[in-house]
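The values are calculated or read from the model by the stated rules, or taken from the named source; none is laboratory data. Since we're looking at a predicted model, the values are computed, not measured. Cβ placement follows ideal geometry from the backbone for every residue including glycine, while neighbour counts extend to all protein chains displayed.
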């Protein structure tokens, strides 16, 4: 009897210890703090772009109750504005914020996930990313590098640039020295322009000293503060980046090491911050366009002549055709963009375009 009682009491004690140990383990797991670092292409306090990373990190910390904390390192700290891809790939940083088309030298197919000349608008492109297979294709490209890539905020339609002289024909593009990086520069080069890439801090001086004849930056949201309107009076509407999407990059191993709830929190925060950037960009561009029109009457808002736009489109189609012919993955992505874009543009035309065309808005018109 005594032996049985002793065994019974021992069992209760052991169960109590196990329960206590298990409960404590769960508490330790729940209380563990994950400290990550994010490297961004932008400098410290860069408007809108930098706001997006701060907004994301703040949401993550609050939603996780402090269990996931993300420190942001701007380019002044890590000293490699265009090194974000390698930072994340090699695990030096768990996260990055940049733009996918910066990595076209590593893999040409990364370029297509930022935007394309004459491509989809921002709402159309988001439809492709989240419902038309865009994110899946992006995953297929980035998987080979151990990187997860997520939409990271959109500028909306970027302007065609600031020009010292008016563009009246395709001939005016020949020999034109213009700061315009990436694929759009290649398109302009097909028409005889001389594209170049210059760091943002040097743009104003290059335009002022006539090192370049024209430049594109973003749009009124960020252009006004740069002062280009003081030098180049012709401001053209866009064609080359109709929906410029930045990206959040996450090291895949680091992501998989997070508990499932933190993975979900991070994913939701990135998506919310990306959308917030789009609304912020739209608001800032609207406010700054009004300032340009009211305070700087010397600035002439222009659209490129139809023959120029058609020549740019033909050059763009030629180059994209070459990419598709050389690389099966390029063809797969471009076919997806083309097919989805055709379907969703039909709805855009039937809805937004029809609405805008249904009345004559005599305000805020550009010159032809």
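For the stretch 190-204, the criterion of being assigned by TED's automatic domain parsing to the domain that holds residue 317, exposed (fewer than 15 other Cβ atoms within 10 Å of the Cβ) and in a helix (DSSP H, G or I) is met by at least one residue. For the stretch 154-161, the condition of being in contact (Cβ under 8 Å) with a residue 60 or more places away in the chain and over 30 Å from residue 279 (Cβ atoms) holds for none of the residues.
Within the stretch 240-260, restricting attention to residues that are in contact (Cβ under 8 Å) with a residue 24 or more places away in the chain and assigned to a helix (DSSP H, G or I), the residue that is nearest to residue 188 (Cα to Cα) is 252.
For (1) farther than 23 Å from residue 342 by Cα; (2) buried (at least 23 other Cβ atoms within 10 Å of the Cβ); (3) modelled with pLDDT under 95, each residue gets a yes or a no:
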| position | (1), (2), (3) |
| --- | --- |
| 78 | yes, no, no |
| 81 | yes, no, yes |
| 89 | yes, no, no |
| 92 | yes, no, no |
| 96 | yes, yes, no |
| 102 | yes, no, yes |
| 107 | yes, no, no |
| 112 | no, yes, no |
| 116 | no, yes, no |
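The set of residues from the stretch 247-262 being surrounded by fewer than 23 Cβ atoms within 10 Å (Cβ to Cβ) and either outside the structural domain of residue 128 (by TED's automatic domain parsing) or closer than 24 Å to residue 99 by Cβ (or both) comprises 252, 253, 254, 255.
From the set of residues in the stretch 205-231 that are part of a loop (DSSP other than H, G, I, E, B) and more than 17 Å from the chain's Cα centre (by Cα), which is farthest from residue 157 (Cα to Cα)? It comes out as 209.
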